[in-house]
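The structure appears right after this line, and notes come after that.
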Amino acid sequence: MAIGDIGASVEGTLTLDATGSAPSICHVYGDVFACAYDDGANGRIKTFSVDSSGNISAVISSLAFAPGAGVGISSIILAHPGMLAVAYGGSTGWCKTVPVDNSGNLGAVKDSLNFETTNCIPRAQSLLHVSGNVFAYAYQGGAAATYLTVKTWTIDTAGNLGSVVSTLSVAVEQNKGIAFVHLTGNLYATLINQLVHPTQLDTFTISDAGTISAVIDTAAFDTGGNGSKPQIVPIGGNNYAFAYYRGFDFGPYLIETRSISPAGVISAQIDLAINQTPATPYSMLSIGCGVYAYACIVGGVASVRTISIAADGTIGSEIDDLSILASPSQWPHIIHHQGDIYAVSLTGPPTNDGLVKSLSIVSRAPANKAYSLG
C-alpha cells in the first residue's frame, strides 16, 4: 500500500453520548484522549483510550464542565501536562481548566475565565497555545456581533487562568467559519468565510507575552461568498494550502495554495483545485511525503479523504476516500494517534450522537495534529 491509502473499514467506534454536538478531541497521554462536547444540557468532557490497532476503550471518566449550559462548538486542548483547557461561547465566552491524570481520570473544574461578556459565537475549534503560559482563541463577536475577534490570556501549570492580555478585532461581515493557525515564529493567520463577501485571509503576530499586533496583510479568496469550514495547513517552506467549500453545503469545495512570507505578506494564488462534488471539509492534516488527509461531510455522510499537494504548491489528485458514518453526520475532527492510526470525533445518527471513530491511513508522519477546524 502507498502513502495515503486508507484502510477498508473503520477500526473502532465509541459512542460518547446519545446527544453529543460538535465534539472536540485532544490527546492527553499515551493512548488516552479527551473529547469536549455539548450533551444537550451541559458542556461535558469524557476520556477514553485508543490502542495501536485502533481499538477504542469504554469511557474512562466524565465531567460536566459547564452544568446546565449549552456550549455549542467547544475547543479542548492539553494546556500543560495533566491540565486540560476548554473554551466555548454562547451569549458570553468562557475558558475553563480541568485536571486530568495520565490514566484519563478527570478532576473538578480548577478555574474559569469569562473572557467575553457581550457576543461570543464559536465558529471553529480554535484554542491555540502561543508560548509558555500564553494561549489564544478566535471567535465571532466581541466589539460587534459579526466581528472576528482574537484574544489572549494565560493558563499556568496549575490551571490558574489569568485575565485577557490582548485583543484583535477585525470588522467583517457575519462569518460562517474561522480557521486560526500558527504559521511560523510569532506569525499567525485567520481564514474567514463570510456570508456574502469573499473568503478573507489575515495575518498578524502574537508575541510570546500575548500581545497581538494589528493585521499585517489581507487577501480575498473566492468571491462567491456563502463559504464555510475553512482549513489551513502548511505544505512546505512558506507555502500553505487552504480548503473550504462554496455555497453552503451544496457547492463545490476548493483547495488553493499560496505563500505567506515570515513577515506576514501573502502572495498571489499558486494553484487552485475545484471539486464539483459537494463536500464540507472540517479538519485537515499532513500525513507525510506531500500527502494530506481531511475529514469532510459529503451529502450528509462523514468521510475521510487523502490528497497529494506538493511543497511548491502544486495540487495533485485525490488518493483515497472512506465513508465512516452515515447521514446525517456533522463536525468530523481528525487527529493522528500513532503509526497509521487516526481518530475522528464527530456527531451523527441515530439521535445526534457524539461518537469517536478510528481508522488506518498509510502514513509517514510525526505525531501530527489537526491545524484547524471549523
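The values are calculated or read from the model by the stated rules, or taken from the named source; none is laboratory data. Note that the coordinates shown come from a computational prediction; the quantities given were computed from them, not determined experimentally. As a convention, Cβ positions derive from the backbone with ideal geometry for all residues, glycine included, and neighbour counts pool all protein chains shown.
Of the residues Gly132, Gly159, only one is among the small types (Gly, Ala, Ser) and in contact with a Ser or Thr (Cβ under 6 Å, 6 or more places away or on another chain); which? Give the derivation first.
On the way: Gly132 fails: in contact with a Ser or Thr (Cβ under 6 Å, 6 or more places away or on another chain).
Only one candidate qualifies: Gly159.
Every residue in region 111-163 that is over 19 Å from Ser74 (Cβ atoms) and not hydroxyl-bearing (Ser, Thr, Tyr), please.
Val130, Gly132, Asn133, Val134, Ala143, Ala144, Ala145, Asp156, Ala158, Asn160, Gly162 - these are the residues of region 111-163 that are over 19 Å from Ser74 (Cβ atoms) and not hydroxyl-bearing (Ser, Thr, Tyr).
How do the pairs read when you match residues in region 240-269 that are at positive phi with residues anywhere that are at pLDDT 95 or above and of a type in the set (A, V, I, L, M), using Cβ under 9 Å and keeping only pairs 6 or more apart or on different chains?
What qualifies is Gly264/Leu183; Gly264/Leu187; Gly264/Ala189; Gly264/Val215; Gly264/Ile216.
Can you tell me how many residues in region 1-16 are buried (at least 19 other Cβ atoms within 10 Å of the Cβ) and either touching a Gly at 6+ places or on another chain (Cβ under 8 Å) or among the charged types (D, E, K, R) (or both)?
2
So, in region 131-155, of the ones that are surrounded by fewer than 21 Cβ atoms within 10 Å (Cβ to Cβ) and touching a residue at least 60 places away in the same chain (Cβ under 8 Å), which residue ends up farthest from the chain's Cα centre (by Cα)?
Filtering region 131-155 for residues that are surrounded by fewer than 21 Cβ atoms within 10 Å (Cβ to Cβ) and touching a residue at least 60 places away in the same chain (Cβ under 8 Å), the one farthest from the chain's Cα centre (by Cα) comes out as Gly132.
Report yes if Ala22 is surrounded by fewer than 20 Cβ atoms within 10 Å (Cβ to Cβ) and either under 19 Å from the mean Cα position of the chain (by Cα) or modelled with pLDDT under 95 (or both), otherwise no. Talk me through it step by step, then tell me what you get.
Details: surrounded by fewer than 20 Cβ atoms within 10 Å (Cβ to Cβ): no; either under 19 Å from the mean Cα position of the chain (by Cα) or modelled with pLDDT under 95 (or both): yes.
So Ala22 does not fit the description; no.
Check Ile309 against each of (1) surrounded by fewer than 23 Cβ atoms within 10 Å (Cβ to Cβ); (2) modelled with pLDDT of 95 or more and name the one condition it does not meet.
(1)
Kindly list, by first and then second residue, each pair from a residue in region 188-201 that is closer than 17 Å to Gln125 by Cα to a residue that is assigned to a strand (DSSP E or B) and of a type in the set (Gly, Ala, Ser), limited to pairs with Cβ atoms under 6 Å and residues at least 6 apart or on different chains.
Sorted first by the residue in region 188-201, then by its partner, the pairs are Thr190/Ala138; Leu191/Ala179; Asn193/Gly177; Asn193/Ser228.
Scan region 175-189 for residues that are polar (S, T, N, Q) and modelled with pLDDT under 95 and jot them down.
Answer for region 175-189, where residues must be polar (S, T, N, Q) and modelled with pLDDT under 95: just Asn175.
So Ala85 fits all but one of (1) in a loop (DSSP other than H, G, I, E, B); (2) closer than 22 Å to Tyr282 by Cβ; (3) modelled with pLDDT of 95 or more; what number is the exception?
(1)
A quick yes/no check of all residues on (1) at pLDDT 95 or above; (2) hydroxyl-bearing (Ser, Thr, Tyr); (3) more than 19 Å from Ile192 (Cα to Cα):
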residue: Phe242; (1), (2), (3): no, no, no
residue: Glu256; (1), (2), (3): no, no, no
residue: Ile274; (1), (2), (3): no, no, no
residue: Pro281; (1), (2), (3): no, no, no
residue: Gly288; (1), (2), (3): no, no, yes
residue: Tyr292; (1), (2), (3): yes, yes, yes
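Does region 70-79 contain any residue that is farther than 24 Å from Ile334 by Cβ, touching a Phe, Trp or Tyr at 6+ places or on another chain (Cβ under 8 Å) and surrounded by 22 or more Cβ atoms within 10 Å (Cβ to Cβ)?
The answer is no, given that none of the residues of region 70-79 is farther than 24 Å from Ile334 by Cβ, touching a Phe, Trp or Tyr at 6+ places or on another chain (Cβ under 8 Å) and surrounded by 22 or more Cβ atoms within 10 Å (Cβ to Cβ).
If we scan region 292-299, do we find a residue that is in contact with a strand residue (DSSP E or B) (Cβ under 7 Å, 6 or more places away or on another chain) and farther than 30 Å from Gly30 by Cβ?
Start the filter on region 292-299 by keeping residues that are in contact with a strand residue (DSSP E or B) (Cβ under 7 Å, 6 or more places away or on another chain), which leaves 292-297.
Still in the list and also farther than 30 Å from Gly30 by Cβ: 297.
Yes, some residue in region 292-299 is in contact with a strand residue (DSSP E or B) (Cβ under 7 Å, 6 or more places away or on another chain) and farther than 30 Å from Gly30 by Cβ.
Do the conditions hold for Thr19, that is, is it touching a Gly at 6+ places or on another chain (Cβ under 8 Å) and in a loop (DSSP other than H, G, I, E, B)? Even if it seems obvious, please write down each step before you answer.
On the way: touching a Gly at 6+ places or on another chain (Cβ under 8 Å): yes; in a loop (DSSP other than H, G, I, E, B): yes.
Here the answer is yes, as Thr19 does meet what is asked.
Would you confirm whether any residue within region 26-46 is in a loop (DSSP other than H, G, I, E, B) and within 30 Å of Leu187 (Cβ to Cβ)?
Scanning region 26-46, I find no residue that is in a loop (DSSP other than H, G, I, E, B) and within 30 Å of Leu187 (Cβ to Cβ), so the answer is no.
Taking into account only those residues within region 1-19 that are among the aliphatic types (A, V, I, L, M) and closer than 18 Å to Tyr342 by Cα, which is farthest from the chain's Cα centre (by Cα)?
Per the criteria, the residue is Met1.
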